[in-house]
Amino acid sequence: MAAANPWDPAPEPNAAGLLLGHFVASGMVTEEILSISKKTDPCFVNFSRLQQITNIQAEISQKNLEIELLKLEKDTADIVHPLYLAQKCHTLQSMNNHLEAVLKEKRSLRQRLLKPMCQENLPLEAVYHRYMVHLLELAVTFIEKLETHLETIRNIPHLDANLKKMSKALAKMDILVTETEELAENILKWREQQKEVSSCIPKILAEENHLHGKHDIVMPSSPLFSKLHIQTNVR
């Protein structure tokens, strides 16, 4: 049976409690000293914490070891697991049986390969001829578009970049369309101005001719010029 702790309150005071009470009453010991003495020494607390840390580290190491074992088992499952080994054995057995059958029929296979391929078409009933024609059309169409389909599949990783380039090209095209519309409007305005100028030119020329006709002055003939003209005629 464990001994009673003298520091714990008891329903009946024992000898140690009576003695401590007498010391407190006489002033030899204070309650603060008694409360301090009840506290555990820090060194023992550190020892207990160190023991807990050691236990936790050991548990972590054990868990890490178990995880490594599970990873190793997972990586080597296709080698050592009975299920995978049975599947591999079955595959090898099938390949072995196939090779044995080929070796048994080696002579007939050699003769068949040496024989020319002629008049060995598969018989097809007349009811299925139209379906065969349709199938051949689909096959021809597929072969014609095969390269296009393959090119499309190759361009799938670059689809985002191509879309960005297309967006930039469309933006540039919109700018060019706007500039072209402005240029067309300017050309139409220039044509209208040229038409107005062309229609005004005859009026301006007519007005200038009219003004020149009013300002023209007829000069009288001088006597000297008349005499010279007469002498020239006589000669």
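The values are calculated or read from the model by the stated rules, or taken from the named source; none is laboratory data. Worth saying up front: this structure is predicted, and the values here are computed from it rather than measured. Please note: Cβ atoms are built from the backbone with ideal geometry, for glycine as well, and neighbour counts cover all protein chains shown.
All of Lys63, Lys74 fail the test of being among the basic types (Lys, Arg) and modelled with pLDDT of 90 or more, apart from Lys63.
Whenever a residue of the stretch 83-112 is free of Cβ contacts under 8 Å to residues at least 12 places away in the same chain, its partners that are surrounded by 10 or more Cβ atoms within 10 Å (Cβ to Cβ) and of a type in the set (Asp, Glu), lying with C-beta atoms within less than 6 angstrom and at least six residues away or across chains, give the pairs Tyr84/Asp78.
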